[in-house]
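Below is one structure, written out as structure tokens; comments come after it.
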Amino acid sequence: MKSKSNKALTTSQPSLVFMGTPHFAAGVLSFLIGKGYLVKGVVTAPDRPAGRGLTLRTSAVKKLAIEHGLPILQPESLTDPLFLESLSQWQAPLFVVVAFRMLPYQVWQMPALGCFNLHASLLPQYRGAAPINHVLINGEQETGLSTFLIDRQIDTGDLLLQEILSVENTDNAGTLHNKLMEAGGPLVAKTIDGLWDGSLNPIPQSSVPVEQLKPAPKITRETCRINWNHNPERIVNLIRGLSPIPCAFSTLGKNGEGPDIKICHARAEHTVCNAPPGTVVTDRKKVLKVACRQGYVHLLELQVPGKRRISSEAFLAGYREKGPLSFQSSL
């Protein structure tokens, strides 16, 4: 971070540039605007075609910026000279980054007070693109937020502030996302104030052996596939960590010829189970559970391709296939 005396800055509050794209970032930006922070401009992702009609879709951050009349930059390349020139003309001494792309050196070294990121985990654990999901997938009972100065690597910069949040057994990725977003705004504001008045002392992230680090890589299709050879708690944690989107799924039919069924909500039952993993046990009315190692997973909410989410009872009421049911246990 560049060093620059606060005495050279004459306003009582720093102006800042906000960088972010999804709803999580928009929630933080909304908090800052509501508290009166001076946002000189917003950097967000370019509009992208989406849906069957390929209509251009704007980011949640852009929508909020338009609503409040904030200047917007949407560069395809963060090293584009025209973008860098426009960014520098805002003359903001502080950049705030929430759920955005990795920044090049030309960007993060620009502001006098530094460029910091809000990350939805207690760093150094759960570095990566999907910390909220992986915290739940791994069955953690505690998570949190970290603000840190951006450097040349991903999520490794010096820590500024952290806040611990508990993870409830009823949480899924959607509810935990909202809890962290609500706590993120105040933590970012506190970080801005601390950098502005010089009260924050950045500290290096603790040195944790690589084998003890828990990564949070991008969610892929294979991340979402349920392996019924696992125990009930592990499977339910996967379902929690991927709900409400993109959702864990399993293929109906041992040979993989059936549809992929999304499992949106489930409950674990630990008991002796002699049925092969993936076997469906049902009374065809209310009970719909799947055999796995050391018990069953009760399916409470499902979604078949092209349909809305429904309860297990509604699924059973509409399912007309005869004979035993089973899910593909694993690949």
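A compact table of results
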quantity	calculated
L54 outside the structural domain of A266 (by TED's automatic domain parsing) and at pLDDT 95 or above	no
Condition broken by G128, with the remaining ones in (1) touching a strand residue (DSSP E or B) at 6+ places or on another chain (Cβ under 8 Å); (2) surrounded by fewer than 23 Cβ atoms within 10 Å (Cβ to Cβ); (3) on the phi > 0 side of the Ramachandran plot satisfied	(1)
Considering residues of region 175-208 that are β-branched (V, I, T) and in a helix (DSSP H, G or I) only, the residue nearest to T143 (Cα to Cα)	T175
Residues of region 171-203 classified as among the hydroxyl-bearing types (S, T, Y) and in contact with a helix residue (DSSP H, G or I) (Cβ under 9 Å, 6 or more places away or on another chain), total	1
Test for I239: is it closer than 21 Å to L252 by Cβ, touching a residue at least 24 places away in the same chain (Cβ under 8 Å), in contact with a strand residue (DSSP E or B) (Cβ under 9 Å, 6 or more places away or on another chain) and among the β-branched types (V, I, T)	yes
Qualifying residue in region 276-288 (condition: in contact (Cβ under 8 Å) with a residue 60 or more places away in the chain, touching a Lys or Arg at 6+ places or on another chain (Cβ under 8 Å) and hydroxyl-bearing (S, T, Y))	no
Single match in L103, L123, L118, L145 (criterion: assigned by TED's automatic domain parsing to the domain that holds V42, at pLDDT 95 or above, more than 15 Å from Q205 (Cα to Cα) and not hydroxyl-bearing (S, T, Y))	L103
Residue match in region 154-162 (condition: more than 29 Å from P75 (Cβ to Cβ), in contact with a strand residue (DSSP E or B) (Cβ under 6 Å, 6 or more places away or on another chain) and among the charged types (D, E, K, R))	no
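The values are calculated or read from the model by the stated rules, or taken from the named source; none is laboratory data. Since the model is a prediction, treat every value here as computed from it, not as a measurement. Quick reminder, even Gly has a Cβ in these numbers, built from the backbone with ideal geometry, and neighbours come from all protein chains shown.
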